[in-house]
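Written below as structure tokens is the structure these notes are about.
The values are calculated or read from the model by the stated rules, or taken from the named source; none is laboratory data. The model shown is predicted, which means the values in this text are computed figures rather than measured ones. Methodologically, a virtual Cβ is constructed for each residue, glycine included, from the backbone with ideal geometry; neighbour enumeration extends over all protein chains shown.
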Amino acid sequence: MWRRDLQYALRQFRRSLAFHLAIVLMLALGIGANTSIFSVLRAVLLRALPYRDAARLVAVTQSGDKVTGAALTEWQARSRSMEGLAYYWDAQYTLTGAGTPRSLNAFQFSANLFPMLGAQPLLGRTFVEGEERVAVLSYTLWQSAFGGDHSVLGRSIQLDGQAYTVVGVMPEDFAHPNATAAIWTPLKMDAGLAANRELHAFMVLGRLARGSTIQRARAEMGAWGARIQPLRDVYAGNLGPALWALQPCCSCC
């Protein structure tokens, strides 16, 4: 009889152990998922953008599309709710003259875009009005292609076979408009683009005037077909609602 009792006790212990191990595992998975979701949530939605007075930065589109040169020129001249407007578009370059040739995701910026963000380079400077064949490197490209060498400033590189002078390197946390950007070069709007009402070519960044609000800017510029949203919302994209929805569920775990 004592053998039967011992066997029964051992069976119950094994069942109980498996049950409790399952509970511990579920709790561990829940805590891990909750921590991961909150980390993403904080990075995307809660952490301050690394720009000067970032709450005043907005993205501007034309009826939900990219902006024509003519519309941008009109907004720059007439808007009172915006302190300034800057523009940019994406590009692709092949970098040579720095080891193995590599394809780069790039962006061309108007000269006022870096100052509008209030983004300071880690090394050197950004470009100024009137410059054309100069380049600002991302931190990642500086490390991977140039070994983090400080003497890269002033160096001539080849982008699509044309000579550009490196004038600056951005810090590691700079990634406008996204983390794929490896290099930035100047973008100047010529007279033809400035008058063009058909080609929706430009992405536009704006800074609200001091004392203005996004509601006021929307009311003013909406009359000209402009749509405005906070830059943070653009960065978060469609992740925001999903992350907020997931957070309580994970907390319940």
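Of the residues Ala179, Ala106, Ala175, only one is of a type in the set (A, V, I, L, M, F, W, C) and touching a Phe, Trp or Tyr at 6+ places or on another chain (Cβ under 6 Å); which? Full working, then the answer.
Values: Ala179 fails: touching a Phe, Trp or Tyr at 6+ places or on another chain (Cβ under 6 Å); Ala175 fails: touching a Phe, Trp or Tyr at 6+ places or on another chain (Cβ under 6 Å).
Every option except Ala106 fails the conditions.
Could you please find all residues in segment 49-84 being over 24 Å from Ala179 (Cβ atoms), in contact with a strand residue (DSSP E or B) (Cβ under 8 Å, 6 or more places away or on another chain), touching a residue at least 24 places away in the same chain (Cβ under 8 Å) and not small (Gly, Ala, Ser)?
Residues satisfying the conditions are Gln62, Thr68, Leu72, Trp75, Met82, Glu83.
Of the residues that make up segment 202-214, is at least one assigned by TED's automatic domain parsing to the domain that holds Gln92, under 16 Å from Thr73 (Cα atoms) and surrounded by fewer than 17 Cβ atoms within 10 Å (Cβ to Cβ)?
no
Is there a residue in segment 67-77 that is touching a helix residue (DSSP H, G or I) at 6+ places or on another chain (Cβ under 7 Å), part of a loop (DSSP other than H, G, I, E, B) and on the phi < 0 side of the Ramachandran plot?
Looking only at segment 67-77, we keep the residues that are touching a helix residue (DSSP H, G or I) at 6+ places or on another chain (Cβ under 7 Å), and these are 69-70, 73, 75.
If we keep only those that are part of a loop (DSSP other than H, G, I, E, B) too, we end up with none.
Looking through segment 67-77, none of the residues is touching a helix residue (DSSP H, G or I) at 6+ places or on another chain (Cβ under 7 Å), part of a loop (DSSP other than H, G, I, E, B) and on the phi < 0 side of the Ramachandran plot.
Whether any residue in segment 72-90 is among the acidic types (Asp, Glu) and closer than 16 Å to Ala175 by Cα is what I want to check. Let's see the steps before the verdict.
We begin by selecting, within segment 72-90, every residue among the acidic types (Asp, Glu); these are 74, 83, 90.
If we keep only those that are closer than 16 Å to Ala175 by Cα as well, we get 90.
Taking every residue of segment 72-90 in turn, at least one turns out to be among the acidic types (Asp, Glu) and closer than 16 Å to Ala175 by Cα.
Check segment 38-48 and report whether any residue there is part of a loop (DSSP other than H, G, I, E, B), at pLDDT 85 or above and within 19 Å of the chain's Cα centre (by Cα). Full working, then the answer.
In the first step, residues of segment 38-48 are kept if they are part of a loop (DSSP other than H, G, I, E, B); the result is 47-48.
Among the residues that remain, those that are also at pLDDT 85 or above are: none.
No - not one qualifying residue is present in segment 38-48.
Anything in segment 49-66 that is in contact with a helix residue (DSSP H, G or I) (Cβ under 9 Å, 6 or more places away or on another chain) and assigned to a strand (DSSP E or B)? List them, or say none.
Leu57, Val58, Ala59, Val60, Gln62 - these are the residues of segment 49-66 that are in contact with a helix residue (DSSP H, G or I) (Cβ under 9 Å, 6 or more places away or on another chain) and assigned to a strand (DSSP E or B).
Could you say which residue among Gly147, Gly118 is of a type in the set (Gly, Ala, Ser) and without any contact (Cβ under 8 Å) to a residue 24 or more places away in the chain? First the steps, then the outcome.
Working: Gly118 fails: without any contact (Cβ under 8 Å) to a residue 24 or more places away in the chain.
When all the criteria are applied, what remains is Gly147.
Please enumerate the residues belonging to segment 212-229 that are in a strand (DSSP E or B) and of a type in the set (S, T, N, Q).
Initial filter on segment 212-229 (in a strand (DSSP E or B)): 226-229.
Passing the criteria: only Gln229.
Test Gly148 against the stated conditions and say whether it is at pLDDT 95 or above and either among the charged types (D, E, K, R) or assigned to a loop (DSSP other than H, G, I, E, B) (or both). Show your work before the answer.
Details: at pLDDT 95 or above: yes; either among the charged types (D, E, K, R) or assigned to a loop (DSSP other than H, G, I, E, B) (or both): yes.
So Gly148 fits the description; yes.
When you check Thr68 against the structure, is it modelled with pLDDT under 95 and surrounded by 14 or more Cβ atoms within 10 Å (Cβ to Cβ), yes or no? Spell out how you get there, then give the answer.
Values: modelled with pLDDT under 95: no; surrounded by 14 or more Cβ atoms within 10 Å (Cβ to Cβ): yes.
It is false that Thr68 is modelled with pLDDT under 95 and surrounded by 14 or more Cβ atoms within 10 Å (Cβ to Cβ).
Going by the conditions given, is Glu129 in contact (Cβ under 8 Å) with a residue 40 or more places away in the chain, in the same structural domain as Arg197 (by TED's automatic domain parsing), of a type outside the set (A, V, I, L, M) and under 30 Å from Thr213 (Cβ atoms)?
On the way: in contact (Cβ under 8 Å) with a residue 40 or more places away in the chain: no; in the same structural domain as Arg197 (by TED's automatic domain parsing): yes; of a type outside the set (A, V, I, L, M): yes; under 30 Å from Thr213 (Cβ atoms): yes.
When the stated conditions are applied, Glu129 does not pass them.
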